[in-house]
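Trainee: Just passing along the structure, written as structure tokens.
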Amino acid sequence: MLLTRQNMLFLTLAVLLHLFVLYGLDRDVMPDKPRLQENPIAVQFRDIPEQTEQKTVSPAPKPGPQAAPEAKPPATVKKTVTPVVSPEPEPAPDPTPVAPVEVKDNTPVPVAETKPEVKAEEASGTPGQDSSNTEGPQTYPVRAPQTGTISMRIVRTEPNRSPVYGDGEINWEFKTGRYKMSINASLDLLLTSINLYQMHSEGMIDTYGITPATSSEKRRNRSETATHFDHQKKSVSFSSSNKTAEIKDGAQDKASFLMQLAGIGYADPEKFQPGREIRLQVAEERDVTTFVFIVTAYEEVETKAGKFMAWHIVRPPLPGSYNSKLEVWLSPDQHWYPVQIRNTESNGAVTTQTATKIISITNMER
């Protein structure tokens, strides 16, 4: 029993010893744990790079000249903005070409003096009025000029040549609603003269003015040519070819258009104002052409028959049709007769006919 009690005592002491050892170990371990927590705190001291960043920023203001290049970037930014703005005004030109196109479409309507859409063929229903075709020939009120004769002096000049002189004459006869007209031109030589050309025209006077029926032309060293008008069929034929061309009311030949111009001024002087146009269809040797005369000015023309105030009208050259410039001076004080005619050819040759004598006979009919 004693042994057992001793054994029990030793066992109890052993257990207490073990507990003491275990308790002491537990207390030793606990302080170790906070030491482990202090290690991450030491790692947090890496906030030092923030101080390095401040150090890098501080030396930046020291170099003064570097401030100028820093101002350049905003300038470059503006440059990048400007090209973005520039394309915006580009669409603005789009409407601008549209505006003049619309104006062009509208201009022909008010320009016409009378009915704007009346064709030349339809003008027969409105005799004595201007047609509205601003591109082709027009019709006008016409009063036949008085019967008369205009004698002309001819001067022809060519580059690098001496002037050549001659005489011309325009004979106009109007009686009982019909007319006859002739134009002659001759060249002076030492002891004689040579006929250069002769033109004849005859027909009637109607609501469209001078209406040729036939015309002929004879030039030196050339065969005579003739032109025949058929106003019912609205056509004209040429002896120099088998061609037939269409004509409109008011069509003229190479001689009669001069008196048609005079008749237009005789009937309505207001038609002759600077800048206005007079368009006549003229049958020449082989085809029909629209002569466009432009009224330029009211000028004084000095002739051997006296000084006359006259309307200066010009037919500019028309490439592809005629290459000469034709100028005519019509004098209202002389029954609107042509007191001077000038033709300038493309090679520089100029032929001028100026009145030397004017004889007129008062018409008994209008």
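The values are calculated or read from the model by the stated rules, or taken from the named source; none is laboratory data. For clarity, every value in this text was computed on a predicted model and none was experimentally measured. Neighbour counts are summed over all protein chains in view; Cβ atoms, including those assigned to glycine, are modelled from backbone coordinates with ideal geometry.
Trainee: Out of the residues in the stretch 265-286 that are basic (Lys, Arg) and over 22 Å from His335 (Cβ atoms), which is surrounded by the most Cβ atoms within 10 Å (Cβ to Cβ)? Please lay out each step first, then the result.
Mentor: Just the residues of the stretch 265-286 that are basic (Lys, Arg), to begin with: 271, 276, 279, 286.
From what's left, over 22 Å from His335 (Cβ atoms): 279, 286.
Working: Arg279: 20, Arg286: 13.
It comes out as Arg279.
Trainee: Further question: Report, ordered by the first and then the second residue, all pairs with beta carbons closer than 8 Å, sequence separation of six or more or different chains, a first member in the stretch 340-362 that is at positive phi and of a type in the set (Gly, Ala, Ser), and a second member that is surrounded by fewer than 15 Cβ atoms within 10 Å (Cβ to Cβ) and in a loop (DSSP other than H, G, I, E, B).
Mentor: Gly348/Glu158; Gly348/Pro159
Trainee: Follow-up question, since we're still on this one. Mind listing whichever residues of the stretch 312-337 are of a type in the set (S, T, N, Q), surrounded by 14 or more Cβ atoms within 10 Å (Cβ to Cβ) and not in a strand (DSSP E or B)?
Mentor: Pass one, the stretch 312-337, residues of a type in the set (S, T, N, Q): 321, 323-324, 331, 334.
Narrowing further to those that are surrounded by 14 or more Cβ atoms within 10 Å (Cβ to Cβ): 324, 331, 334.
Answer for the stretch 312-337, where residues must be of a type in the set (S, T, N, Q), surrounded by 14 or more Cβ atoms within 10 Å (Cβ to Cβ) and not in a strand (DSSP E or B): Ser324, Gln334.
Trainee: Also, quick follow-up: Of these, Met364, Met309, which one is modelled with pLDDT of 95 or more and surrounded by fewer than 16 Cβ atoms within 10 Å (Cβ to Cβ)? Can you show your working first?
Mentor: Values: Met364 fails: modelled with pLDDT of 95 or more.
Going through Met364, Met309 in turn, just one is modelled with pLDDT of 95 or more and surrounded by fewer than 16 Cβ atoms within 10 Å (Cβ to Cβ): Met309.
Trainee: Sticking with this structure for a sec: Pick from Gly166, Gly136: which is closer than 24 Å to Ala283 by Cα and out of contact with any helix residue (DSSP H, G or I) (no Cβ under 6 Å at 6 or more places or on another chain)?
Mentor: On the way: Gly166 fails: closer than 24 Å to Ala283 by Cα.
So the residue among Gly166, Gly136 that is closer than 24 Å to Ala283 by Cα and out of contact with any helix residue (DSSP H, G or I) (no Cβ under 6 Å at 6 or more places or on another chain) is Gly136.
Trainee: Applying the selection to the stretch 185-204, what residues are without any contact (Cβ under 8 Å) to a residue 24 or more places away in the chain and within 19 Å of Ala283 (Cα to Cα)?
Mentor: The answer is Tyr197, Gln198.
Trainee: What is the residue count in the stretch 217-245 for residues that are over 19 Å from Ser256 (Cα atoms) and touching a residue at least 40 places away in the same chain (Cβ under 8 Å)?
Mentor: 3
Trainee: Checking the conditions here, which among Thr211, Thr207 is more than 20 Å from Arg286 (Cβ to Cβ) and surrounded by 19 or more Cβ atoms within 10 Å (Cβ to Cβ)?
Mentor: Details: Thr207 fails: surrounded by 19 or more Cβ atoms within 10 Å (Cβ to Cβ).
Just one listed residue meets the conditions, Thr211.
Trainee: Here's something else I'd like to know. Can you tell me which residues in the stretch 255-283 are free of Cβ contacts under 8 Å to residues at least 60 places away in the same chain and farther than 22 Å from Glu135 by Cβ?
Mentor: Across the stretch 255-283, the qualifying residue is only Glu270.
Trainee: What number goes with the only condition from (1) surrounded by 17 or more Cβ atoms within 10 Å (Cβ to Cβ); (2) part of a loop (DSSP other than H, G, I, E, B); (3) not polar (S, T, N, Q) that Ile154 does not pass?
Mentor: Unmet for Ile154, out of (1) surrounded by 17 or more Cβ atoms within 10 Å (Cβ to Cβ); (2) part of a loop (DSSP other than H, G, I, E, B); (3) not polar (S, T, N, Q): (2).
Trainee: I'd like the full set of residues that are within 38 Å of the chain's Cα centre (by Cα), of a type outside the set (A, V, I, L, M) and buried (at least 17 other Cβ atoms within 10 Å of the Cβ), limited to the stretch 216-236.
Mentor: Those that are within 38 Å of the chain's Cα centre (by Cα), of a type outside the set (A, V, I, L, M) and buried (at least 17 other Cβ atoms within 10 Å of the Cβ): Thr227, Phe229, His231.
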